[in-house]
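Asks: One structure, pasted below without further comment.
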Amino acid sequence: MPKFLRRFIVILLVLTGIYVLASPFVVPWYVQKKVRVVFAERVDGSLAFSHVAFNPVSLTLLVRDLDITDSTGKPVLKMDAAHINISWRTLWSGQLHLQSVVLDMPALQMAIAEDGRTSLEAMLRPPEGASAGKSPNIRIDKLAAKGLQLALKNHAGHEIAVGPLDLALDGFATAEGHAISFKEFGFALGGGKVTATGEIGRAPLSAKLHLELSRVPLKAIMGFIPLDDLTVTGGQVTGPATLTFTDDLRLQGDFDVSDFAATTTDSLVRRVQVPYASAAGFDYDRARDQVSVDSLTLGGGVAEMVRATRPDSVAEAEGETDGVALEIRQALLSGGKLVFEDQTFDTPPVVTIDGVGAIVMDFRLADTLAFSFQGDGYLGQNSPVRTAGYIEARDTMSASFTLEINKLDHAVLQPYLYRTLGRASSAGEAYLQFDYYIEDGQLDGTNSFLFDRWEWGDRNPAYEGEEIPLKRAFNLLEDKGSRVAMEIPVDGEYLDPTFRVDGLVRQATNKFVGNLITTPFRLIGKLIPGGKKDDIDLDKVRFDPSSAELAALEKARLTALAKALQERPKVRLQIDGVAVPGLDLAPAVPVEGEAPINQQGLTKLANMRADAVYQYLIAEGIAPRRLEKVVLPLMEMPDGKKPIVRLELLKD
């Protein structure tokens, strides 16, 4: 063997011996020193580990009991051990090349601030001096975590725990533009399972993960979407999703959700319980602070609505929404149930609508509340309900709303009638239709009512409004089929702080009934074929002086009146018999001075005139119990006027 070769071998053996003997001591010392210096420069926190060992043959570095905390001492990362296998390529590649890194039982705790920054990002210090703009050049062929546990907490205090799971990454590198590829791996999440593939890129930091969720708790997802005043309980999510992170976070997917509940405290809908829901085209974009859904389908469920005790005025309405924007292009509901509780009463009435089917289009809740809708259902077993309309509210409200309820039992309306109109109901059914329009702060609408075999009950002794003569109005309006039809227009300044719906209805009803009672024969005249409200004086019967005979024209009027009364079987009339001194029973030959008054004769004439009207109406089919004769005191009439028998509506 040549001498130089022997020397080379000896030197190599000596160096190898030194490496084998010294490296287990020198490398751990150097690693500990270097890591502590770099950590102190780059990270705002503390680092500790119990032991560092190096195997010079396998080039494996072992770090035990790693513990990283933030500047306040809160734990961030703990693990039992890290096994780092260094490649010989490190010597000539110009980068730290690691064949594998295996982490045993790592536990990572991370908080997410309101702006989306994580607590790990907050711990990183910007590089200074010569190291500014530079990053360590590290390549890891395989990165694995065994028994990884991850705890996330957002700014609202919502927490989820992931793991334990085994994670494997391929092609990890810190070089700019290089991506980390995930092999397919699965992990437990709140009792459900998530399978993920994808990649993470660096400089800029980015990620795209393809997820397959199976029975994942809904709260684990919704807790990190900042929907104000919304609490979600129960529910399991299944379906594909894509999680993207570039400048910000975005979650997209198609999900099926089973058996969940959502509750609020300030809105009209307080609680929703849904056995099944399907969301197609779900998209949460944190950069835009928006959640959108292409199509939302709800199968059954119960919605609980509450009218609170505060006044229903615009002055106390909620302001603009400050939370995340919500868009739903189409929502479908079938087989649902709506429970409405009105807490403005001391004993709140509860109304239930079953079999609800509805469609909501183009729903948006942000700086604007806007949507269109239509729906139907059954209030009780026999009262169908239909509704449709649209709402758009920003600085002012624009809305159109129609609600139709048929065959509604009087007991459902009784609390509202008792408080708003001052009278209870005791029997009957109602057919209701409300058509309301709001534009530029002005409300215009029509309340159309049909009452079938309706009976009014007791008065409300605590009612403080003006008494409304409802019974008289109903007697005047009730037809042969025992039905009462009313059409009451309403209008008001919606932006008026004193605006109240029940007060508006009370005023409109009072006005409608008042006009009806003071001019009843206008309504009766409309019941005559071809009749108009002012073309026939149905409340007057004219007689020739000193005569009790009905003229042909008066008989025609009474015939028309009788036909109208047959359409209103509860209307009762008072017939006021009159006689006029000076016109009736006047002396044939003028008498000097004041002529004597034939009191007895005039009274008899007045009675005969009332009886003539009475008997004629009876002959035309009007029951005697509906007519009442009254003889009025003698009265004077201007010259040339005929004596008139007046007809009046009898009170209840």
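Readers should treat all values here as calculations from the given coordinates under stated rules, not as data from a laboratory. Remember, predicted model here, so these are calculated numbers, not experimental data.
Asks: List the residues whose amide H sits under 5 Å from the amide H of Met305, counting only those 5 or more places along or on another chain, with H placed 1.01 Å from N in the peptide plane.
Replies: Arg270, Val339, Phe340, Glu341
Asks: Next question, about the same structure. State which entries of Lys78/Lys219; Lys604/Lys642; Lys153/Lys193; Lys74/Lys193 exceed 22 angstrom in Cα-Cα distance in the structure shown.
Replies: Violating the 22 Å limit, Cα to Cα: Lys78/Lys219; Lys74/Lys193.
Asks: Holding the Cα-Cα limit at 20 Å, pick out from Lys471/Lys570; Lys526/Lys570; Lys480/Lys511 the pairs that are longer than that.
Replies: Those over the limit are Lys480/Lys511.
Asks: Gap in Å between the Cα centre of the stretch 382-449 and the Cα centre of the stretch 263-296?
Replies: Their Cα centres are 28 Å away from one another.
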